[in-house]
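Take a look at the structure below.
The values are calculated or read from the model by the stated rules, or taken from the named source; none is laboratory data. In this text, all values refer to a predicted model and were calculated from it rather than measured experimentally. Backbone-built Cβ (ideal geometry, glycine too); neighbour counts: all protein chains shown.
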Amino acid sequence: MKKILLLAAAWTACVCGAQDLKLAPDNVDKVIKAMTPEEKAGVIVGKGSGAFDGRGHINDYLPGCAGATNPIDRLGIPPLVYADGPSGLRVDNKLCTRFPNGMLEAATWNTQLLETIGEAEGREFRARGIDVVLGPGMNIQRNPLCGRNFEYFSEDPLLSGLSAAALVRGIQRAGVGACPKHFAANNQELNRLSNDSRVSRRALREIYLRNFEIMVKSSQPWFIMSSYNFLNGVTTSQNRDLLTTILRHEWGFSGAVISDWGGGYSGAQMVKAGNDNIQQGSKERYNDILNKLKDGSLSAADLDACVKRMLEAALRAIRYKGGSPTDNPPLEENASLVREAAPEGFVLLENHDNALPLKKDDRVALMGTTSYDFIHGGTGSGTVNNPFRSVCMPEGLTDAGFKLDEAMHRFYTDFMQSERRRCENFNKNVPWCCEHERAMEAVPTDLITKAAKEDKAAVITLGRVFGEGVDRDWYHSYMLSNGEIALLKATAEAFHKEGKPVIVVLNVGGIIDVASWRNLADAILICWQPGEEGGHSVGDVLAGNVSPSGRMPVTIPMQYSDDPSAPNFPQVKADKYQNYSFYRHVGATPQYKVPCVDYTNYEEGIYVGYRHYVTRGVKTAYPFGYGLSYTTFDYRDMKIKDRGDRLEIGVTVKNTGKRAGKEVVQIYCDAPEGGMDKPLRELKGYAKTRLLKPGQEEKLTIVISKEWLTSFDEDKSAWIACRGEYAFVAARDADTPVLQMSYKLNKDIKLKVYDVLGIEPVFVN
Ligand code: BGC
């Protein structure tokens with residue numbers, strides 16, 4: 001390809017006399033005119049799989065980064081260099097900050113904090129010379145078993161959209177581009193290149209596109225990544241309705257669309273759809289563009305439109321703007337940010353008799369193999385290869401002032417040595433990006449009995465690795481193993497006999513079953529996968545230096561089968577279809593043989609997560625938005641002000657307890673009767689207080705666009721809200737309203753939108 005480019009460059013330089021023409025903001029069209037078709041295709045198609053090292057990395061620019069575009073020196077067109085970054089910079093040979101996973105970020109319900117995290121991350125990319133952050137991941141968590149839930153935010157489109165927007169704003173404030181992904185309806189990993197998501201237009205508009213719409217409109221990302229999957233029979237990177245009509249014409253997106261790595265089939269079709277950059281790039285896609293241009297089935301105008309967007313993107317990037325990378329990001333400063341930010345997303349599920357916080361110099365029995373093999377983040381492209389730190393639980397708890405039961409510590413250290421050897425053997429055959437085998441649990445009965453007598457509390461950490469390419473399975477990953485249950489039972493029996501608490505810390509990338517064993521624990525804290533300072537952040541919370549203030553970004557059901565998408569989500573281990581293969585790749589048209597593998601019916605429609613549980617009165621273990629604190633809060637003085645196109649809802653929150661803490665106020669709308677079928681309750685806005693000391697209060701103002709009151713009417717292809725009384729509740733979670741006010745909408749709202757994506761999904765069974 002290089003040779004072709006050089007020849008083409010020489011040819012153009014003589015023919016067009018364009019030797020002095022160099023890309024600048026005021027000459028983009030002129031530069032495009034001076035480009036040969038080969039150069040244009042070269043700008044669209046990425047550096048190519050030949051440049052890759054087999055782990056999804058290229059070694060040009062910064063070794064280990066995900067990809068780059070082809071520069072054209074004669075026209076002053078610089079390359080754009082991309083690296084993965086849902087939780088920090090993924091490159092080789094450089095120390096990088098490992099930020100918390102997306103799920104924890106959403107659980108903070110704190111957009112200001114997410115902007116700060118985004119900016120810190122963006123600065124780190126900039127310091128290392130990377131132009132674009134491939135992230136955040138923001139697909140809806142349709143089902144608890146999706147392998148990439150750890151990177152994603154929530155089951156709710158508003159929380160997902162606002163969390164993503166805050167990160168994007170932060171990243172781009174640092175002068176690098178963000179590339180939120182994967183657009184759209186990419187909600188499972190099994191057969192991820194070729195699965196057809198079969199979704200009704202209403203569910204698409206209200207759930208699977210709404211999060212992206214909110215993010216685009218409130219943060220204007222420089223890029224968006226199209227996804228791998230088919231959507232109602234058309235692969236998303238070749239879907240013009242999606243990438244041009246909706247994304248650009250309707251939402252006003254002005255950036256460039258990048259394909260997911262290896263996504264799409266025909267280069268020309270991708271260009272036609274408005275997929276501007278094809279990564280990782282291949283000779284076939286490059287040739288396809290040129291051949292179709294020659295035979296007239298791809299128009300020069302479509303090609304130029306994509307080239308223009310890529311040149312405009314290049315003009316924004318640091319490589320064009322100049323300034324050499326410092327290669328010296330503030331790693332210490334970022335580590336402090338990670339340590340402080342994580343507890344804002346920790347969710348306290350249970351805290352009987354104020355079992356937490358513990359006393360700082362208590363001696364505790366630290367148990368469970370995950371306590372000795374803490375999981376700081378997920379695997380796959382959402383990982384950080386060389387984290388600056390990896391603070392484990394023993395270090396974190398000791399630094400927080402706790403004394404560790406030495407005999408227990410010694411037992412686990414020895415046990416982990418032999419388990420590590422076993423796992424290493426097993427993991428030899430597991431692809432780099434997938435979930436790896438982890439240590440099994442032991443039940444050291446004698447030590448537990450002794451610890452119950454001598455120590456003040458048991459702290460058991462249970463962990464689950466989430467990763468790219470493979471969904472989790474119910475039996476092995478959602479439910480606790482027999483070993484974990486045996487450990488919990490033995491510990492609860494011994495410690496409760498002595499009147500001492502059992503604290504369970506869940507170090508997970510998404511939810512697991514809790515309802516069946518929660519009666520064994522006095523306190524349950526989800527710390528998710530909190531980034532490089534994990535041990536410290538957990539120590540800070542257990543010691544009461546800080547109150548956890550996270551709220552559930554998804555529902556935890558009583559049992560997995562209650563999930564509305566459960567009947568239509570893969571229930572097989574991936575290796576049933578090919579040894580560990582996440583690619584049951586079937587080619588350019590989807591197949592409809594194996595349900596949930598070839599195609600997935602989104603039969604639950606808009607009733608995803610709490611929309612299902614609340615509307616149908618299905619009991620949950622912990623509702624969406626749930627989370628306890630070390631203190632208590634009162635709400636009062638709810639007020640609604642009509643500001644034309646938006647409502648401002650005021651609520652005053654007072655800390656009525658004995659410790660400092662932060663509260664999240666969630667505003668749900670209970671739709672009026674009649675009209676369209678709607679969920680009983682939908683999240684319309686939220687805000688988090690600053691740190692309130694006992695007795696302190698804060699008046700929060702939550703802004704709700706009236707547009708968000710609408711639902712999508714497929715027949716009219718319009719967003720509709722009928723006039724009438726709307727009940728707004730200020731709630732602690734989706735099940736716990738505290739204050740309520742009604743608001744009268746005097747006029748119907750009807751927003752017509754493009755009547756596209758019109759293929760009604762045939763639910764193949
Ligand atoms: C993932 C993307 C990632 C890309 C580049 C793909 O396999 O799905 O999320 O950004 O690889 O590493």
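Of the candidates 324, 299, the single residue that is among the polar types (S, T, N, Q), at pLDDT 95 or above and over 25 Å from residue 138 (Cβ atoms) is 299.
Taken together, the criteria exclude residue 639 from residues that are in contact with a helix residue (DSSP H, G or I) (Cβ under 6 Å, 6 or more places away or on another chain) and in a strand (DSSP E or B). If you go through region 587-625 and keep only what is among the hydrophobic types (A, V, I, L, M, F, W, C) and closer than 20 Å to residue 196 by Cα, you end up with 588, 594, 596, 597, 606, 608. Looking across 355, 365, one residue alone is surrounded by 24 or more Cβ atoms within 10 Å (Cβ to Cβ) and more than 16 Å from the ligand (Cβ to nearest atom). It is 365. If you filter region 228-259 down to residues that are within 11 Å of residue 193 (Cα to Cα) and in contact with a Lys or Arg (Cβ under 7 Å, 6 or more places away or on another chain), you find that the one that is surrounded by the most Cβ atoms within 10 Å (Cβ to Cβ) is 229. For region 647-722, the strands (runs of 3 or more DSSP E) that sit wholly inside it and include 3 or more residues that are closer than 28 Å to residue 347 by Cα are 664-670, 681-688, 697-705.
Each row is one residue, and each column tells you yes or no for (1) small (Gly, Ala, Ser); (2) at pLDDT below 95.
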{"site": "627", "(1), (2)": "yes, no"}
{"site": "638", "(1), (2)": "no, no"}
{"site": "643", "(1), (2)": "no, no"}
{"site": "679", "(1), (2)": "no, no"}
{"site": "703", "(1), (2)": "no, no"}
{"site": "708", "(1), (2)": "no, yes"}
{"site": "729", "(1), (2)": "no, no"}
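One residue is enough: does region 205-224 have a residue meeting the conditions under 30 Å from residue 291 (Cα atoms), within 20 Å of the chain's Cα centre (by Cα) and more than 13 Å from the ligand (Cβ to nearest atom)? Yes, the conditions are met somewhere in region 205-224. Among the numbered criteria (1) touching a helix residue (DSSP H, G or I) at 6+ places or on another chain (Cβ under 9 Å); (2) at pLDDT 95 or above; (3) more than 14 Å from the ligand (Cβ to nearest atom), which single criterion is violated by residue 127? Failing condition for residue 127: (1). Would you mind telling me which numbered condition in (1) crowded, with 24+ Cβ neighbours inside 10 Å; (2) more than 16 Å from the ligand (Cβ to nearest atom); (3) modelled with pLDDT under 95 residue 86 fails? Failing condition for residue 86: (2). Scanning region 237-264 for residues that are within 16 Å of the ligand (Cβ to nearest atom) and of a type in the set (Ser, Thr, Tyr), which turns out farthest from residue 81 (Cα to Cα)? Here the residue is 237.
The listed residues are 145, 104, and the only one of them that is in a loop (DSSP other than H, G, I, E, B), in contact (Cβ under 8 Å) with a residue 12 or more places away in the chain, out of contact with any strand residue (DSSP E or B) (no Cβ under 6 Å at 6 or more places or on another chain) and buried (at least 24 other Cβ atoms within 10 Å of the Cβ) turns out to be 145.
The helices (runs of 4 or more DSSP H) found wholly in region 269-355 and carrying at least 1 residues that are touching a Cys at 6+ places or on another chain (Cβ under 9 Å) occupy 331-341.
Every condition in (1) within 16 Å of the ligand (Cβ to nearest atom); (2) crowded, with 24+ Cβ neighbours inside 10 Å is met by residue 92 except one, and the failing one is (2). Looking at (1) closer than 26 Å to residue 600 by Cα; (2) buried (at least 24 other Cβ atoms within 10 Å of the Cβ); (3) within 16 Å of the ligand (Cβ to nearest atom), which is the one condition that is false for residue 273? Failing condition for residue 273: (3). Within the option set 412, 475, being crowded, with 22+ Cβ neighbours inside 10 Å, among the aromatic types (Phe, Trp, Tyr) and in a helix (DSSP H, G or I) holds for one residue only, 412. Restricted to region 148-167, and to residues there that are within 14 Å of the ligand (Cβ to nearest atom) and outside any helix (DSSP H, G or I), the residue that is surrounded by the fewest Cβ atoms within 10 Å (Cβ to Cβ) is 148.
Per this entry, residue 437 is not counted among residues that are outside any helix (DSSP H, G or I), away from the ligand (no atom under 16 Å from the Cβ), of a type outside the set (A, V, I, L, M) and surrounded by 21 or more Cβ atoms within 10 Å (Cβ to Cβ). Can residue 286 be described as surrounded by fewer than 24 Cβ atoms within 10 Å (Cβ to Cβ), farther than 23 Å from residue 757 by Cα and touching a strand residue (DSSP E or B) at 6+ places or on another chain (Cβ under 6 Å)? Yes. Within region 70-84, residues that are within 26 Å of residue 124 (Cβ to Cβ) sit with their Cβ atoms under 6 Å from residues that are in a strand (DSSP E or B) and away from the ligand (no atom under 16 Å from the Cβ), at 6+ positions apart or across chains, in these pairs: 71/77. Of note, residue 675 does not satisfy the criterion of being out of contact with any strand residue (DSSP E or B) (no Cβ under 9 Å at 6 or more places or on another chain) and over 23 Å from residue 550 (Cβ atoms). Being part of a loop (DSSP other than H, G, I, E, B) and of a type outside the set (D, E, K, R) narrows it down to one of 364, 384, so name that one. Answer to the selection: 384.
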